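Report on the following structure.
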Amino acid sequence: MHDTDIKRPVREQLDAYNARDIERFMSWWADDCQYYAFPSTLLADGAAQIRERHVERFKEPGLHGRLIKRMVVGNMVVDQEVVTRRFPEGPGEVDVIAIYEVEADKIARAWFKQGTPRIG
């Protein structure tokens, strides 16, 4: 599989995230996908749980993931992003490293490592 094929589900789900389009976002996740806080804390097991997390997230005003860098190694895509969110302390940004494992044109597993939010 070519790099652009591996990147496509990741690119498309980020575009849908920024559009807050839950149906389009979920179309890029496998039914049995798993979603982790890096390295191994399972946050969502299966598409239904990922949907539930993001329905709430998509209600946040100003939500946006800005891609800084993307790289591909085999069937893994690693994104460096800055995410604008509304935290309990107020609006701000957080650095995020997202690691996606792509199988059969869907995201099968993903791991997320967040930095310390910058409020204001």
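The values are calculated or read from the model by the stated rules, or taken from the named source; none is laboratory data. None of these values were measured; they are calculated from a predicted model. Glycine also receives a Cβ, built like all others from the backbone with ideal geometry; neighbour counts cover every protein chain displayed.
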Residue, surrounded by the most Cβ atoms within 10 Å (Cβ to Cβ), within region 65-77, restricted to residues that are in contact with a helix residue (DSSP H, G or I) (Cβ under 7 Å, 6 or more places away or on another chain) and in a strand (DSSP E or B): VAL77
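I'd like the full set of residues that are of a type in the set (D, E, K, R) and either more than 15 Å from ALA16 (Cβ to Cβ) or exposed (fewer than 11 other Cβ atoms within 10 Å of the Cβ) (or both), limited to region 38-59.
Restricting attention to region 38-59, the residues satisfying the condition of being of a type in the set (D, E, K, R) are 45, 51-53, 56-57, 59.
Within region 38-59, ASP45, GLU52, GLU56, LYS59 meet the criteria.
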Subset tally (residues that are buried (at least 16 other Cβ atoms within 10 Å of the Cβ) and free of Cβ contacts under 8 Å to residues at least 60 places away in the same chain) for region 23-32: 2
Selection count where residues are within 20 Å of ALA47 (Cβ to Cβ), over 11 Å from the mean Cα position of the chain (by Cα) and surrounded by 16 or more Cβ atoms within 10 Å (Cβ to Cβ), scope region 78-120: 4
The lone exception for TYR35 - which of (1) surrounded by fewer than 18 Cβ atoms within 10 Å (Cβ to Cβ); (2) modelled with pLDDT of 95 or more it fails: (1)
Output for region 7-33, where each listed residue is assigned to a helix (DSSP H, G or I) and touching a strand residue (DSSP E or B) at 6+ places or on another chain (Cβ under 7 Å): LYS7, PRO9, VAL10, GLN13, LEU14, TYR17, ASN18
Selected residue [farther than 24 Å from PRO117 by Cα, touching a Phe, Trp or Tyr at 6+ places or on another chain (Cβ under 9 Å), modelled with pLDDT of 95 or more and not aromatic (Phe, Trp, Tyr)] from ARG51, ARG8: ARG8
Any hit, region 34-53, residues being in contact (Cβ under 8 Å) with a residue 40 or more places away in the chain, in contact with a helix residue (DSSP H, G or I) (Cβ under 7 Å, 6 or more places away or on another chain) and polar (S, T, N, Q): no
Qualifying residue in region 50-64 (condition: in a strand (DSSP E or B), closer than 19 Å to TYR36 by Cα and not aliphatic (A, V, I, L, M)): no
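Would you confirm, using the coordinates I've provided, whether TYR36 is part of a strand (DSSP E or B) and of a type outside the set (A, V, I, L, M)? If you could, list the steps in order and put the result at the bottom.
On the way: part of a strand (DSSP E or B): yes; of a type outside the set (A, V, I, L, M): yes.
Answer is yes for this residue.
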